[in-house]
1. Restricting the range 49-92 to residues that are of a type in the set (Gly, Ala, Ser) and without any contact (Cβ under 8 Å) to a residue 60 or more places away in the chain, which is surrounded by the most Cβ atoms within 10 Å (Cβ to Cβ)?
2. Does Asp313 satisfy the condition of being assigned to a helix (DSSP H, G or I) and of a type in the set (D, E, K, R)?
3. Acidic (Asp, Glu), open to solvent by 20 Å² or more (accessible area, probe 1.4 Å) and under 30 Å from Pro59 (Cβ atoms): which single residue out of Asp270, Asp189, Asp185 fits that description?
4. Please determine, by comparing only the residues of the range 316-335 that are among the polar types (S, T, N, Q) and modelled with pLDDT of 95 or more, which one is farthest from Glu202 (Cα to Cα).
5. Could you pull out the residue among Gly173, Gly136, Gly148 that is more than 10 Å from ligand 1 (Cβ to nearest atom) and in contact with a His (Cβ under 8 Å, 6 or more places away or on another chain)?
6. For the range 164-280, please list each of the strands (runs of 3 or more DSSP E) lying entirely inside it that holds at least 3 residues being more than 16 Å from ligand 2 (Cβ to nearest atom).
7. Take the conditions within 9 Å of ligand 1 (Cβ to nearest atom) and either crowded, with 18+ Cβ neighbours inside 10 Å or touching a residue at least 12 places away in the same chain (Cβ under 8 Å) (or both) and apply them to Pro123. Does it pass?
8. Quick check: is even one residue across the range 294-308 out of contact with any helix residue (DSSP H, G or I) (no Cβ under 9 Å at 6 or more places or on another chain) and among the hydroxyl-bearing types (Ser, Thr, Tyr)?
Amino acid sequence: MPLLTRMVSVEDEKALQEASLLLQKGQVVAFPTETVYGLGANALDENAVRRIFKAKGRPADNPLIVHVATWQDVAPLVKEIPEKAMLLAQAFWPGPLTLIFKKQNIVPSVTTAGLDTVAVRIPAHQGAQALLRACGLPVAAPSANRSGGPSPTCAQDVWEDMRGRIPMILDGGRAKVGLESTVVDASGDKPVILRPGAVTAEMIRGIVGEIKVHEAVLRRLVEGETAVSPGMKHRHYAPQATVILVRGETQENMNKKICFLYDNLLQKGDKPVILATKENVLQFASRAHYVWGSAQNMDTLAHNLFFALRELDRKGFSHILCQEIGQAQLGLAVMNRLLRAANFTWMDSK
Ligand code: TXA
Ligand code: MG
């Protein structure tokens, strides 16, 4: 039977108390973080964690991130804190960074999908911090979307995906970053970025020197290749519409190709839309478009990507056309999500 879902402001003191009581009772609550909204439950309670998998429709082999309020809360969950992980945590926590550690036995294997490691993050969002402190629990939380879709960056997005599936959604407005946290395995000599995010490769290098960006960040895993981070192998971030990603040597070529594809789709009776930037929007004349930010300011693109994909789905577009962007800094995270949304396929414009 569907549950009655309530949506309340995270700043409402009473609602926060109710939410933390629900968490203590093993229920699932959606809450805002600075990256995207999370679908939280007591990370140490197997049954509570199973509820997350069920509400999300998530494959059981994809582990969850455990969220805690402070440093003191990390120690009981992990076997050791490697030196480089310590340096990164000191530099970027609280914030949009997730670190992988060897897990202690108190973390049940449902939470880590059978792995002997656990992903941990201290979020910076005030509402998330308040909830974690109020409930006094480590909270396992994947992004609060139905599995496979774009992550929710506002409470309304969570409502659309989770209504009837969970008892409560805490509303904290638009998520500041708009993309999920950077996931880093810093247990070896060279830390590895498993998923890029707002703590960029450049920022991480600035703290620990040489690092590796996992190859699966920008390409599909090939048959038989094992996923270091199980999330790599699952279809992800894809809206209902087909995303077509155009790359090319020059801006002019890419704009032309997008117009050409758009006109063809329209002629066939499809309903395409162009994901445009402030800089190239004028090239598309009267074609349907959505300006998702400025190519000069990656923060705006990251902030609006998932929001835009969901908005364009709501409007019923069949195809979303977008050009590649630079991979420096936050660009790497944006391209990683775009490529996955496009199922790792490109259209070349020559
Ligand atoms: O920003 C975020 O990280 C958001 C908010 C809610 O904190 N959460 C989030 O969770 O994006 P989720 O479940 O959608 O993504 C977690 C990613 C997945 O790709 C998963 O495979 C990976 O982290 N992961 C979790 N535990 C892992 C582990 N022990 N080893 C390697 N990868 C792990
Ligand atoms: Mg997710």
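1. Result: Ala89.
2. yes
3. Criteria check complete, one pass: Asp185.
4. The residue in question is Ser318.
5. Going through Gly173, Gly136, Gly148 in turn, just one is more than 10 Å from ligand 1 (Cβ to nearest atom) and in contact with a His (Cβ under 8 Å, 6 or more places away or on another chain): Gly148.
6. 168-171, 242-248, 272-276
7. It is true that Pro123 is within 9 Å of ligand 1 (Cβ to nearest atom) and either crowded, with 18+ Cβ neighbours inside 10 Å or touching a residue at least 12 places away in the same chain (Cβ under 8 Å) (or both).
8. Yes - at least one qualifying residue is present in the range 294-308.
The values are calculated or read from the model by the stated rules, or taken from the named source; none is laboratory data. Please read these numbers as outputs of a predicted model, since none were measured by experiment. Please note: Cβ atoms are built from the backbone with ideal geometry, for glycine as well, and neighbour counts cover all protein chains shown. Side chains are part of the model used for accessible areas, which takes the heavy atoms of the whole protein and leaves out ligands, DNA and RNA. Shrake-Rupley method; radii C 1.70, N 1.55, O 1.52, S 1.80 Å.
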